[in-house]
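Below: one structure, written as structure tokens.
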Amino acid sequence: MKKIYFLLTCAVLSMSCSLGALSFGTAGTPTPQLPSTNTYTPRPTVTPVTPTVTFTLTPTQVGLKSPTPTQIITDTPVVSVTPLALITPNTGTPTLQMEGFLTVTVFGTEFYKSGQCQPGTIKITAQVSDPVNSDIVDLFVRFKSKREGTLGEWTRITMQTIGAGTFTHDLTPQEIKGFEIFRNTWVQYQLIASTSSAREIGRTAIFKESLAMVECILTPTPSLTITPTVLKP
């Protein structure tokens, strides 16, 4: 048995030597490898973002019915546009000149020529703006025919002062020049304020067609005729 083991060992060693000689004998010259031209590019790093989820709790009411939505119908208003051509601009009433005077008041719009009809006088009152220096206020009046436009002469009447810069006069048709000629006519008037030395410090415009003198026409009253009763026997 020992011989057999010894022979097997020698055989194995002999085979190993022969195989090593064969491998060294057949080894060729190694082929040089060319360096790689590819450049390594690192991949971008992606950082994942995790969204934050927020949960809102909606309470559930038990036993409450949801109301049925009611449709609301809104009427569209109709806009009416007025053309500019149809709009009438407001025209201001011109104001008469009142230099030196605060107010001029005429109590009435007409008076009668004859004394048998009333009113037979017109009261005119004026208040000056400078009561210290306005010592005299003169009223100038004249007739103007309504039909022909004929003008009468100016009549100057000095008004009476009642204090506090106020002057007044009760005008009658008989004191105006041309009273016998004019009948139904306009009575034009103008007021002038002056100092004691006759220096004018105020003048109004002419009031042309705001006061009228009217002819007085009396209507006869029918009289009763009494017929006597004759008694026959």
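Quick note: the coordinates plus some simple rules give every number you see, no bench work behind them. Quick caveat, the model's predicted, so the values are computed rather than measured. Neighbour counts are summed over all protein chains in view; Cβ atoms, including those assigned to glycine, are modelled from backbone coordinates with ideal geometry.
How much length is gained on full extension from Ser129 to Ile206, taking 0.36 nm per residue of separation minus their Cα-Cα distance? Intermediate values should be presented prior to the final figure.
Values: separation 77, 0.36 × 77 = 27.72 nm, distance 1.83 nm.
So the chain would gain 25.9 nm between Ser129 and Ile206.
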Simple spin-label estimate for Lys177/Val214, 7 Å along Cα→Cβ, in nm, reads 2.8 nm
In terms of Cα to Cα distance under 12 Å, which aspartates and glutamates are near enough to Lys144, apart from those fewer than 8 places away along the same chain? Glu153, Glu209
Can you give me the distance in nm between label points at Glu153 and Leu102, each placed 7 Å from the Cα along the Cα-to-Cβ direction? 3.7 nm
When Lys and Arg each count +1 and Asp and Glu each count -1, what net charge do the other residues less than 13 Å away from Leu96, Cβ to Cβ, add up to? 0
At 0.36 nm per residue, minus the direct Cα-Cα distance, what do Ser196 and Asn184 gain on full extension? Give it in nm, one decimal, please. 0.6 nm
